[in-house]
Amino acid sequence: MKRRKFRGGLGLLLCGLLAAVAVLLTDAAAATPESPSTAGGQLVRFDLRRCLDELPADDVLRYDAMYLVSALQGLVNRDAPRLFTRYLYDVDDFWFDYAREVWLTSSQVEEMHSLPDLLRRFSPYVQGLVLWDPNVPATSNLAATICGVEGWLPARAGSPLFSLESLQGLWPDVKVDLRGKFTGAVTGSAKCDAYVWARDHYLSAGKCHPSLMAYMVDAFTQRPGEPGVRYPSLDNSTLANRDYYIAEKAFFMDLNVWPDETPVDDPGQRPGLDREILCSILKAQYERNEGKCFTTVGGFIPWDQKYTNHGLEDRSKHEPVPGLYKQLGISGEGRAFGNHDPVPTEWEYAAILSAHNAVMDADALGLVYMGNASAWRHFPLRERYEQNPPPPLPDLEQKTYVLIYMGDYDSAAWLQRHVPAFFRDPARGRVPIGWAFNPNLADRAPIVFDYVYRHKSALDWFIAGDSGAGYLNPNLLVGDRLGSGLPDALDLWVAHNTRYYQRFGYTITGFVINGFHGKMPLRIQEAYSRFSPDGVGMQLGFDQPLVNGTPFLRHTRDIYPQAERPEAAADEMRQFLKGEKPRFVIYRWILQSPTMLETVSRLCRERHPEENWEFCDPYTFFGLYRKYLESGGVPMRQ
């Protein structure tokens with residue numbers, strides 16, 4: 001396929017070559033077990049949920065077992081898909097069945113649920129242990145980095161796993177023992193000493209992936225302030241997600257982003273030290289890839305455990321979005337003992353990434369779990385996927401034109417979790433939908449993109465979400481860049497997005513987030529017009545409403561429909577209508593179904609018919625807004 005030439009293309013190619021070399025560097029020193037082709041194409045499907053349920057009811061034991069299985073899966077699947085896990089049965093089975101239908105059609109499947117059997121089955125990959133220090137929980141992340149690079153497995157020193165009789169004789173030799181290695185002698189913090197050592201010995205040494213990192217909560221207790229070490233929510237532990245990053249030899253980290261506080265997991269350090277080390281790691285990653293490409297950082301601020309004020313008396317006030325706990329089925333219990341609200345903490349983290357040429361793949365609390373990505377990364381995506389053609393543009397009328405932004409899919413975990421339900425929703429195909437699936441998520445969830453393009457209805461379109469091919473603040477790609485010292489990266493951002501947008505037929509960016517960093521200047525609008533010519537939805541303001549024919553429009557409001565009272569959402573949407581018709585409004589919805597969209601749109605028409613609602617697909621919406629502006633219409637109020 002011919003691709004349009006763009007600046008930065010050679011840099012992106014170089015990053016791809018560096019990544020391939022990083023994955024292969026240490027493989028020659030490791031054993032090379034048989035591939036599926038030489039083993040008769042046999043797959044193993046391991047029932048992780050059953051395995052954990054059959055272990056003694058011990059938080060630490062089950063945590064350590066899940067971590068071990070995920071790391072082993074990453075090693076086993078590094079060069080071919082061999083090992084699949086079942087944990088969230090509905091989601092994991094859905095994607096495994098689809099893979100068997102369109103990809104792994106002739107493979108034989110061996111079902112398994114015993115941890116000893118799993119270790120025996122893949123004994124060629126069980127070559128060594130890295131013992132991490134429970135007194136310095138950050139070393140659990142160091143172990144992940146080391147294991148990915150060296151091909152070993154992580155284990156907590158003194159883990160109750162070692163006491164299980166069924167596992168006796170199956171443990172390999174200890175290759176690295178991190179106990180007592182980090183004391184604070186270098187930085188004044190044992191936690192930060194650990195990350196400085198890993199940065200110098202693995203990242204700066206060129207052993208880790210040049211464009212992929214993992215920001216994942218370490219083994220610190222999930223209930224700060226309570227006795228002992230507790231892990232009541234393995235779904236939100238990030239453990240199952242680690243297989244992908246271990247397979248890709250990513251660097252792991254978990255550090256506070258604020259300059260004015262000490263973190264709950266390391267209260268003895270001076271304020272801001274975590275942030276300084278985080279920035280130094282991101283700077284080392286930039287130097288690793290020579291500034292030729294963006295780095296994707298998987299994971300999210302662990303806002304219920306660290307770095308935020310989560311858990312104050314008025315719990316609802318500190319939810320990242322109103323009603324989130326109820327919507328995601330999480331308790332909201334626990335405390336994080338920080339000073340800042342969760343959303344500002346997310347924005348500060350996004351800002352730091354942006355200033356260092358990094359984007360977020362944002363596996364946030366409530367939907368953190370994502371299994372089997374180390375296998376899905378081998379899925380054979382087509383070179384090009386086609387969108388539905390834009391509908392013929394109707395005449396502009398005195399209506400309220402509405403675009404419902406169906407997000408938030410800036411996380412491969414959230415995407416993989418919700419597509420099975422939402423794409424089987426009976427209302428899909430009866431209402432126009434712009435699904436905001438960030439296209440860079442295809443790196444970790446290619447099977448999802450193949451599925452949605454194969455199964456799209458005539459009323460399904462795909463647009464980018466936060467803030468294109470990865471979540472960042474584009475205003476921080478130019479200028480001082482928070483003092484990072486990095487040069488402007490705007491042309492690199494255009495090249496990065498162009499590659500993904502062309503592959504999936506994207507021409508619209510549904511939501512650009514600039515966090516604390518103000519309205520978008522004309523220079524950055526012009527950059528977006530190069531890869532997102534049919535429209536851009538904005539969190540904050542911007543310089544001009546129409547740039548090179550690309551319409552820009554700020555979102556009107558975030559709306560959170562509730563199943564028991566959908567009419568409240570319709571009334572709230574009416575409340576925020578201003579000015580004369582025609583009007584153009586964008587409402588941001590998070591994790592909502594086609595049935596909810598059909599219901600609320602009907603209620604809007606029934607309860608407020610005077611507004612003459614028109615719920616649009618994204619191409620019609622932005623096309624009519626462009627037409628309105630070009631005919632001299634007054635831009636919608638920002």
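The values are calculated or read from the model by the stated rules, or taken from the named source; none is laboratory data. From a predicted model like this one, the values you see are computed outputs, not experimental measurements. So basically every Cβ, Gly included, is an ideal-geometry build from the backbone, and we count neighbours across all protein chains shown. Calculation scope for accessible area: heavy atoms of the full protein, side chains included, ligands and nucleic acids excluded. Shrake-Rupley method; radii C 1.70, N 1.55, O 1.52, S 1.80 Å.
List of remarks:
- Dimensions of the stretch 575-615 based on its C-alpha atoms, expressed as ranges along the principal axes with the largest first, amount to 30, 20, 16 Å.
- Cβ-Cβ FRET estimate between Val343 and Glu165, R0 fixed at 51 Å, reported to 0.05: 0.60
- Proximal aspartates and glutamates relative to Lys249, as straight alpha-carbon distance under 12 Å, when same-chain residues fewer than 8 apart are discounted: Asp27, Glu150
- For the chain, size of Cβ-based charge dipole, Lys and Arg +1, Asp and Glu -1, in debye: 1600 debye
- Seen from every direction in turn and averaged, the convex hull around the alpha carbons of the stretch 175-304 projects onto 8.7 nm².
- Per-residue SASA entry for Lys191, accessible area with 1.4 Å probe, Å² rounded to 10: 10 Å²
- With a threshold of 21 Å on the Cα-Cα distance, the over-threshold entries among Lys175/Lys207; Lys399/Lys578; Lys181/Lys306; Lys175/Lys283; Lys181/Lys283 are Lys181/Lys306; Lys175/Lys283; Lys181/Lys283.
- GluC sites (Glu not before Pro) within the stretch 347-418, DSSP loop, no more than 14 other Cβ atoms inside 10 Å: Glu383, Glu386, Glu397
- Cα-Cα P(r), the stretch 36-139, percent of pairs per 10 Å interval: 13, 43, 32, 10, 1
- The three principal axes of the Cα atoms in the stretch 156-248 give end-to-end lengths of 40, 35, 28 Å, sorted in falling order.
- Only protein heavy atoms count here; on that basis, with a 1.4 Å probe, Phe94 has an accessible area of about 30 Å².
- Kyte-Doolittle mean at least -0.5 and Cα axial length at least 24 Å: DSSP H helices in the chain: 59-76
- For the chain, the solvent-accessible area of protein heavy atoms averages 36 Å² per residue (probe radius 1.4 Å; ligands and nucleic acids excluded).
- Histogrammed with a bin width of 5 Å, the alpha carbon distances of the stretch 122-197 distribute as 3, 17, 24, 23, 16, 9, 5, 2, 0 percent, first bin at zero.
- Between Arg179 and Glu54, the FRET efficiency from the beta-carbon distance, with R0 = 45 Å, is close to 0.95.
- Extending 7 Å from the Cα toward the beta-carbon at both Arg574 and Arg523 defines two label points whose distance is 4.7 nm.
- Summarising the strand pairing of the chain, around 5 percent of its internal DSSP beta bridges are antiparallel.
- Around the amide H of Glu110, modelled in the peptide plane, lie the amide H atoms of Leu43, Val44, Arg45, all under 5 Å away and 5 or more residues distant in sequence or on another chain.
- Using equal-weight Cα scatterers in the Debye expression, the normalised intensity of the stretch 337-424 in log10 at q = 0.15, 0.17, 0.24 Å⁻¹ is -0.95, -1.07, -1.32.
- 5 angstrom amide H check on Val174, placed H, neighbours 5+ away: Leu129
- Binning the C-alpha pair distances of the stretch 372-461 at 5 Å intervals from 0 yields a P(r) profile of 2, 12, 21, 24, 18, 10, 6, 4, 1, 1, 0 %, listed from the shortest bin outward.
- Accessible surface of the chain [probe 1.4 Å, protein heavy atoms]: carbon and sulfur percent: 49 percent
- Amide H contacts of Asp408 (H built 1.01 Å from N, under 5 Å, at least 5 apart or other chain): Leu591
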